[in-house]
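Q: I have a structure here, written as structure tokens, and I will follow up with some questions on it.
The values are calculated or read from the model by the stated rules, or taken from the named source; none is laboratory data. Treat the numbers as computed from the prediction; the structure is a model and nothing was measured. Neighbour counts run over all protein chains shown; Cβ positions are idealised from the backbone, glycine included. Please note that ligands, DNA and RNA were not included when accessible areas were found on the heavy atoms of the full protein model with its side chains. Shrake-Rupley method; radii C 1.70, N 1.55, O 1.52, S 1.80 Å.
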Amino acid sequence: MWDQRYSEEGFAYGMAPNDFLVAEYEHISKGGRVLSLAEGEGRNAVFLAKEGYSVTGVDQSLVGLKKAQSLAVQQGVQIEIIHRDLADYDPGTECWDGVISLWAHLPSALCDEFYPKLVQSMKSGGILILEAYTLRHLEMDGVGGPPPDQVDRFSSLHRLESSLHGLEFIMGHEIEREVSEGKYHQGCSAVVQIVARKP
């Protein structure tokens, strides 16, 4: 699916970074190492690289990552890309100053397995910035999020608080907001937003 989507002309979710990331990224230590999950076509990684961060983007779509690398070159920055499904990815131990997870909709079983590893991979003082669709989005008019037959991939604050045990939540809420990101994220949307720090 993702190779097909990213093979379409243009950028599926636009070229501008996620606006929640733009509002919150300065919580991450300036110039730090940042891991971007489900990076796709590179808009968020390139934004952070332009702000002076050392960014590694992971995605299961090689088509998307090639576009990400091309976008980085166009914007005059460097990013590292890793072609890997998150189910098979080891984020390491105490190596990231920041982790961003923007629209990385993982099934609950993978969340329970992967997110504790993610917490372990963060340095002391490291920051997680996360935004994802909640199940309430299926009642909204906006476009985006997992399809209705994949309800297990929608997130909730309660589930994330459990999966991300060990982080201190600076911000954690479920809200409705307008999203405008390319063709596939548009309109009134129900989301969960988190900014959390590892002690």
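Q: Hey, got the dipole for the chain? About the Cα centre, +1 on K and R Cβ, -1 on D and E Cβ, debye to the nearest 20? Let's see the in-between values first.
A: Working: 17 positive and 29 negative charges, 98 e Å.
Using Cβ point charges on Lys, Arg, Asp and Glu, the chain gives about 480 debye.
Q: I'd like the accessible area for Ile175, computed on protein heavy atoms only with a 1.4 Å probe and all protein chains in place. Round to 10 Å², please.
A: Accessible area, nearest 10 Å²: 60 Å².
Q: When only Cα pairs under 8 Å and 6 or more residues apart are kept, what is the percent relative contact order across the stretch 27-119?
A: Numbers: 159 pairs, mean separation 31.1, N = 93.
Here the relative contact order equals 33 percent.
Q: Of all accessible surface on the stretch 57-140 at a 1.4 Å probe, what whole percent is carbon and sulfur? Mind dumping the intermediate values first?
A: Numbers: 1670 of 3550 Å².
Within the stretch 57-140, the accessible surface is 47 percent carbon and sulfur.
Q: Nearest-5 percent of antiparallel DSSP beta bridges in the chain? Before the final figure, lay out each step's value.
A: On the way: 21 of 41 bridges.
Roughly 50 percent of the DSSP beta bridges within the chain come out antiparallel.
Q: I would also like to ask the following. How much of the calculated P(r) for the chain lies past 31 Å, in percent of all Cα pairs?
A: Values: 1855 of 19701 pairs.
It works out to 9 percent of all Cα pairs.
Q: I'd like the projected area of the stretch 34-91, averaged over all directions, using the convex hull of its alpha carbons. Report it in nm² with one decimal.
A: On the way: hull surface 12.9 nm².
If you wrap the Cα atoms of the stretch 34-91 in a convex hull and average its projections, you get 3.2 nm².
Q: Expressed in nm to one decimal, what extension gain is obtained for the pair Val73 and His27 from 0.36 nm per residue of sequence separation less their Cα-Cα distance? If you can, show how the numbers build up before the last one.
A: Details: separation 46, 0.36 × 46 = 16.56 nm, distance 2.61 nm.
Computed gain between Val73 and His27 is 13.9 nm.
Q: Once the piece of chain linking Asp90 and Met15 is laid out straight, how much longer is it, given 0.36 nm per residue of separation minus the C-alpha distance between them? Mind showing how you got there, number by number?
A: Numbers: separation 75, 0.36 × 75 = 27.00 nm, distance 2.78 nm.
That works out to 24.2 nm of additional length.
Q: Would you list, by chain and number, the lysines whose Cα falls below 17 Å from the Cα of Lys67, excluding same-chain residues fewer than 8 positions away?
A: Lys50, Lys183
Q: Explain nothing, just the number: dipole magnitude of the stretch 81-199 about its Cα centre with +1 on each Lys and Arg Cβ and -1 on each Asp and Glu Cβ, in debye rounded to the nearest 20.
A: On the way: 10 positive and 18 negative charges, 51 e Å.
In debye, rounded to 20, the stretch 81-199 gives about 240.
Q: Specify the inter-centroid distance of the stretch 83-155 and the stretch 26-66, based on alpha-carbon positions, in whole Å.
A: 15
Q: Taking a cut-off of 12 Å between Cα atoms, list the aspartates and glutamates near Lys123, but don't count ones fewer than 8 places away on the same chain.
A: Straight-line reach from Lys123, under 12 Å: Glu94, Asp97.
Q: Out of all DSSP beta bridges in the stretch 107-199, what portion is antiparallel? Express it as a percent rounded to 5.
A: Details: 21 of 22 bridges.
If I count the DSSP bridges inside the stretch 107-199, around 95 percent turn out antiparallel.
Q: What stretch of the chain, leaving out the sites themselves, is the longest with no GluC sites (Glu not before Pro) in a DSSP loop having at most 15 other Cβ atoms within 10 Å?
A: Values: sites that count: Glu8, Glu9, Glu94.
Answer from the scan: 95-199.
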